[in-house]
Each structure stands twice: as C-alpha cells, then as structure tokens.
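Heads up, the thing below is written out as structure tokens.
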Amino acid sequence: MKILKKSQERTEEDRRELSRMVQEIIDNVRANGDNALKEYSRKFDQCEREWIRVSQDEVKEAYEQLSEQEIADLKAAASNIRAFAQAQRETVKPLENFSPMPGIFLGHRIIPVNSCCCYVPGGNYPLYSTALMLIIPAKTAGVKRVAACSPVMKGTGKINPKTLAAMDIAGVDEIYAVGGAQAIAAFSYGTEEIAPVDMIVGPGNRFVTEAKRQCYGQVGIDFVAGPSEVLVIADGSGTPEIVAADLLAQSEHDANAKGMVVTTDEAFGKAVMDAVEAELQTLETAEIARKSWETYGEVVVVDSLEEAVDLVNGYAPEHLELNVQNPDALLDGLTNYGSLFIGENTAEVFGDYASGTNHTLPTLKAARYTGGVWVGTFLKTCTHQSMTPEAMQKLAPLVSRLADGEGLMGHKQAADIRYKES
C-alpha cells in the first residue's frame, strides 16, 4: 500500500466542555420549557418569534416564495423517495403461527412508533432534502405523529421557505421553528408548546449530536452521526474529473468532511488529485471544500481490488462509490458501508437528492453495525406467543429445570404451578 495523500488523523475530541455546555442547555429546557427555547433563539438566531410552532399561513407563504419549477423538483424527488420507502415497507412483514413444537404458536407484529421528530439542519445551507429523507419514511412506516423542526434563518424568525415547503410535501404533521441542542431537549422532555416524542432522527452539528447522545434512553434516536464521508474504489478505468467532483461534493459540506480514493492505479490517483485542484479554482464553495480536502482528503494506492475491499471494510465509510470496470465482482466482499453507489454513472449526489435511497447515513465507522435511516427505523418488531394446554404440560418441566439451574426459584414456581394444576 502506498499513500499519495495522507489525511490528518482525527484526534479524540475533548468532549468534556461540549458535554457540560449541552447538559446545561438540556437542564435549562427541562426546567424552563418554552422560555428557555425563546432565550436560545434570541441568543443564537436573533429570533423573536412569539410562537415556536409554524402556522399553516407561514407554510402557504413559503410556497408563494418558490417558483413552479422549485416546487415541481421537490415533488419529483419526494415521489422517488416515497416509492422506495413503500417498497421497503412491503419487505417488513408480520409473522404468525410459527410452531417450534406442536401446540406452541409464535409470531411478531410490525408496529410503528407513535411519534417522532425529524431534525432538519439549517446551518451553512438549507437542507430541504433532509426534510424529504426523514419525514417520508416516517409517514410511510405509519407513524401517527410526525413533527419536524429546523433552525430559523438568522435574524428573520422564519425557517427557510424551501425547507418549509419540503416538509409540507413530505406530509409532516407539525413544524417548529427551533434548532440546536435545545430542540433535542424539547422533543425529548417536552415544553408547554412541544409535546415530547418517542424518537428523534436526523443529522446536526456537534451540539445536536451530543444532545442526542445525552437524551438517548429518554427518547430513541437513529444514531450519533459525525462529519460526512465518501470513499471511492477506483481501478483507473474511470474519469479523474468525475471522481474529483464526487470528492468535492462531500468536502463542501464542512471543513471536517472526508473524501478518500483507494485505487490500484497510481497514475489515476495522481490525476484525481490534479483534477481536485483544478475544480477548486472555480468552485463557489472552494473555501470550505479546500480546507476539508487539504485536512482530511486521502489517496491510497493498493496492489489489488481485493486489498481495496479489505481496506474499505475496515474504514466502513458513509458513502462508497465503485468506479471500476466490473463492480459486481466486488459486491459480495463489501460488508461495511452506509450506502453503495455502483458504477461511474451513479453519482453519490443522486442519492443525496432524488434517486430514492436515503441520505441520512452512519459515519465514523458506525456502518460496521448499522445502516442508515429507512422505513424500518420507525418500526418495532414485537413478538407474541400462545400455546395449548398440552404444549404447556410438555414445556413446563423443561422451563422448571432451566430456571432451577439459574437459581431463579420464582421463575421455577411460575412453571411448576401450571404443570401441577393441569
């Protein structure tokens, strides 16, 4: 293995101060409710809203600020996302009357969570695409109450109009103009205006992420996400400028994002690096993208595609692109990734917006143990069982002996009493 460009190592961030600050925000919201939320809105966003919940008049106003093309684009993306979510939902089925032995009937039900909050970031860019990616799977899963929140545009008191329209097109039930760690606390514990939810999903900055971590248990979460990542496996058969464009598409998210190429062709790796530099000369978001690329960009040359697969499985990237002549040959070996983009035609940004798969994905090696947000994120698989008297008579002595072996005599008695009374 040869490293043409090495990324800076991510040091273990000292989270003590961040943890303290977020805990203080959570405690304030729990103690002071809406007053605390309005205090933080004034402090961080120069927002003087009287009501945190967004009205239907505001949603209507948002549509009026968009062109017909913008609305049509949101609806087209939503249609693809909804179609895929519905197809996924149909694969998650209940199970009834499975019998491991005569007279015992086992099964499971697929039950949606009752309520969720979809956190849609504001930050550097209005991520209206995230509104579609979170709300549509939740509604498709059958969640009865789907709330969404997003920070206001600083100094305006209003959520970005395209984000509001996307939330409405996705089918949201409630919208709130609030963001940050305080929003996570509000939907976890409730305030006067905001009823708590069962689950919170969606990406955010480090304060949002830390608040999700601290509130987990009080509320369910999707996962704790970090900066965006893309990794490209390349055999030199593709186009360097296309790979460079895909790397910078992620790099422009923020200065901590990571773009990486693993290639069997050293000349191709160098050509990608040259193409990145060339695009940075004209890219409007070059200030952020360059900092990200220079700090965390990486280009690695390996001896074989098999070695590339092993390296990638260890890294477990959020987005994985296969820019190789025969991508199908690699599929069985790849086990750790958030979402896979097969072939040069399949840009990662297509998944970000409109192809239909979800863009809320695990980062920082979390793809080793979880996938991204999907319709199943909002579903619980809950088991049930029943049995005949004859099956109970046969099973009770076995359970009695097992319970006795563990020293749990109450368990033993609960089995014995049925056997004796039968």
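The values are calculated or read from the model by the stated rules, or taken from the named source; none is laboratory data. These numbers come from a predicted model, not from an experiment. Neighbour counts run over all protein chains shown; Cβ positions are idealised from the backbone, glycine included. Only protein heavy atoms, including side chains, enter the accessible area calculation; ligands, DNA and RNA are left aside. Shrake-Rupley method; radii C 1.70, N 1.55, O 1.52, S 1.80 Å.
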Inset, instruction - Kindly provide the pair-distance distribution of segment 1-87 built from C-alpha pairs, with 5 Å bins from 0 and whole-percent values in order of increasing distance. - result: 3, 9, 9, 10, 10, 9, 11, 17, 13, 4, 2, 1
Inset, instruction - Please tell me which of these pairs span more than 26 angstrom C-alpha to C-alpha: K38/K291; K154/K212; K93/K365; K38/K212; K75/K144; K43/K144? - result: K38/K291; K93/K365; K43/K144
Inset, instruction - Would you mind computing, in nm to one decimal, how far apart the modelled labels at T295 and D265 are, each placed 7 Å from Cα along Cα→Cβ? - result: 3.2
Legend entry - Residues in segment 350-366 reached by a label modelled at A76 [backbone nitrogen below 20 Å; 7 Å Cα→Cβ]: 350-359
Legend entry - Placed amide H near V232: partners under 5 Å, 5+ positions off or other chain: M260, V261, V262, E321
Legend entry - Pairwise FRET efficiency - Q281 versus R30, Cβ, R0 = 45 Å, nearest 0.05: 0.35
Inset, instruction - Rounded to whole Å and sorted largest first, list the principal axis extents of the Cα atoms in segment 278-422. - result: 84, 34, 29
Legend entry - Per DSSP, loop GluC sites (Glu not before Pro) in segment 15-103 with at most 13 further Cβ within 10 Å: E48, E50
Legend entry - Those chymotrypsin sites (Phe, Trp or Tyr not before Pro) in segment 36-110 that DSSP places in a loop and that have at most 12 other beta carbons within 10 Å: W51
Legend entry - lysines with Cα under 23 Å of K394, excluding same-chain neighbours fewer than 8 positions away: K412, K420
Inset, instruction - May I ask for log10 I(q)/I(0) of segment 46-94 at q = 0.16, 0.30, 0.31 Å⁻¹, from a Debye sum over the Cα atoms as equal point scatterers with solvent left out? - result: -0.72, -1.04, -1.07
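From the convex hull of the Cα coordinates of segment 98-222, what is the mean projected area in square nanometres?
Seen from a random direction, the Cα hull of segment 98-222 projects 9.4 nm² on average.
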Inset, instruction - Could you do me a favour and compute the accessible area per residue for segment 49-195, 1.4 Å probe, result in Å²? - result: 44
Inset, instruction - Could you rank the peptides 389-398, 290-299, 177-186 by their average count of other C-beta atoms within 10 Å per residue, with the highest value first? - result: 177-186, 290-299, 389-398
Legend entry - Spin-label pair S99/E68, simplified geometry with 7 Å Cα→Cβ offset, distance in nm: 6.3
Inset, instruction - Tell me the label-point distance for the pair F350, A87, using the 7 Å Cα-to-Cβ offset, in nm and rounded to one decimal. - result: 1.3
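Summing +1 for each Lys or Arg and -1 for each Asp or Glu, what net charge is found among the other residues whose Cβ lies under 12 Å from the Cβ of E193?
Here the charged neighbours net out to -1.
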Inset, instruction - Compute the long axis of helix 128-141 from its Cα atoms, compare it with the longest principal axis of the Cα atoms of the chain, and write down the angle in degrees, 0 to 90, nearest 10. - result: 20
Legend entry - 13 Å cut-off, amide nitrogen to a point 7 angstrom out along L311 Cα→Cβ, residues in segment 263-284: 263-270
Inset, instruction - Return one number: the angle in degrees, 0 to 90 and rounded to the nearest 10, between the long axis of the Cα atoms of helix 161-170 and the longest principal axis of the Cα atoms of the chain. - result: 40
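On average over all directions, what projected area in square nanometres does segment 1-156 have, based on the convex hull of its Cα atoms?
About 18.4 nm², averaged over all directions.
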Legend entry - Enclosed volume per residue, in Å³, of the convex hull spanned by Cα atoms of segment 137-288: 160
Inset, instruction - Return the ratio Rg/(2.2 N^0.38 Å) for segment 153-222, where Rg is computed over Cα atoms only. - result: 1.13
Legend entry - Cubic angstrom per residue, convex hull over Cα atoms of the chain: 195
Inset, instruction - Quote to one decimal, in nm, the extra length available between E193 and T239 on full extension: 0.36 nm per residue of separation minus the C-alpha distance between them. - result: 11.3 nm
Inset, instruction - State the percentage of accessible surface on segment 297-358 attributable to carbon and sulfur atoms; use a 1.4 Å probe and exclude ligands, DNA and RNA. - result: 48
Legend entry - All-pairs alpha carbon distance profile, segment 239-335, 10 Å steps from 0, percent: 16, 48, 30, 6
Inset, instruction - Determine the per residue accessible area of segment 271-422 with all protein chains present and a 1.4 angstrom probe, expressed in square angstrom. - result: 54
Legend entry - Contour minus Cα-Cα distance for W51 and Q413 (0.36 nm per residue): 124.6 nm
